[in-house]
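Q: What follows is a structure written as structure tokens; I'll ask about it next.
The values are calculated or read from the model by the stated rules, or taken from the named source; none is laboratory data. Note that the coordinates shown come from a computational prediction; the quantities given were computed from them, not determined experimentally. Positions of Cβ are generated from backbone atoms using ideal geometry, with glycine treated the same way; all protein chains shown enter the neighbour counts.
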């Protein structure tokens, strides 16, 4: 196993904005970093001009970052594999990769969501395809980070969660630099759930903004959305403190308020009256909250967890419920004590 302070050999699987940003961080930190991208033209551009105009325009990438379109080439002999593909295609990518991943390879997931078909978190998807033993070297990476700001060297904080303190610290060391501070955590499920639920609440907050409902309503959605996140987390064995941290409240506030949030943008356009199909057709990058609204809603129903904001967001997205009606139904719910 690679020693703590030595350069790592890292494969980053996914050449979208976040994968490219993290690959750039790793390469600048001195690690042998190979980025796998699906699009042939993107592979040529990153290797030729050290830019990613498709997903991260106007951000120069380090010359040491190499890109490949071959998954076997990307994975061969790597110490760390960083997964940054959309959650709904993660199983397919991992199925192709499973035989190529070494038994001691650290597996990081930086994508956020719940698999719709199975209602599994990515850690469970990894366990299904790589074996239960893979969970001992699995790290969930999440927090309030827009890819463009991380890639641009703006101060950012993130959390690496693992059952293994050694693996969490190793990822912390690999990614940390003067502009990216990484904290460790042992609550993998809490960090994964925070990343999935916050995208759904961000769509709800965007809808509220698009309807012109103001700052009070947005603050209420963030606060009550956090309560819903906490309820689901408790039902799945997460630590409540996780949701007060970077992967919970931190990421939730960023995604519900930041102009770079794709999920909030989807919500704003829905609130302004656009159809979901039209909105998604205009977007090159994935807004994970659209699929997560359904998977989180179904997971909450399965576990008997009350998540009214998630429920109404699901209905707006997937059952064509008028956004204004959904908000009014939330406001008309039976009065109760605040609680969690």
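Q: Only one of these is under 14 Å from residue 23 (Cα atoms), in contact with a helix residue (DSSP H, G or I) (Cβ under 7 Å, 6 or more places away or on another chain) and at pLDDT 95 or above: 122, 159, 150, 106. Name it.
A: Values: 122 fails: under 14 Å from residue 23 (Cα atoms); 159 fails: under 14 Å from residue 23 (Cα atoms); 106 fails: under 14 Å from residue 23 (Cα atoms).
Exactly one of 122, 159, 150, 106 is under 14 Å from residue 23 (Cα atoms), in contact with a helix residue (DSSP H, G or I) (Cβ under 7 Å, 6 or more places away or on another chain) and at pLDDT 95 or above, namely 150.
Q: Looking for whichever is in the same structural domain as residue 175 (by TED's automatic domain parsing), crowded, with 22+ Cβ neighbours inside 10 Å, in a loop (DSSP other than H, G, I, E, B) and in contact with a helix residue (DSSP H, G or I) (Cβ under 9 Å, 6 or more places away or on another chain) here; the options are 61, 82. Which one fits? Steps first, answer last, please.
A: On the way: 82 fails: in a loop (DSSP other than H, G, I, E, B).
Just a single option satisfies the conditions, and that option is 61.
Q: Please work out which residue is nearest to the chain's Cα centre (by Cα), limiting yourself to region 5-26 and to residues that are part of a loop (DSSP other than H, G, I, E, B) and free of Cβ contacts under 8 Å to residues at least 60 places away in the same chain. Reasoning before the result, please.
A: In the first step, residues of region 5-26 are kept if they are part of a loop (DSSP other than H, G, I, E, B); the result is 5-8, 14-16.
From the residues that got through so far, the ones that are free of Cβ contacts under 8 Å to residues at least 60 places away in the same chain too are 6-7, 15.
Values: 6: 28, 7: 26, 15: 14 Å.
If we take residues in region 5-26 being part of a loop (DSSP other than H, G, I, E, B) and free of Cβ contacts under 8 Å to residues at least 60 places away in the same chain, then 15 is nearest to the chain's Cα centre (by Cα).
Q: So how many residues does region 158-179 have that are more than 14 Å from the chain's Cα centre (by Cα) and either closer than 24 Å to residue 121 by Cβ or buried (at least 24 other Cβ atoms within 10 Å of the Cβ) (or both)? Can you show your working first?
A: If we filter region 158-179 for residues that are more than 14 Å from the chain's Cα centre (by Cα), which is where we start, we get 162-179.
Pick out the ones that are also either closer than 24 Å to residue 121 by Cβ or buried (at least 24 other Cβ atoms within 10 Å of the Cβ) (or both) and you get 162-172, 174-175.
Result for region 158-179: 13.
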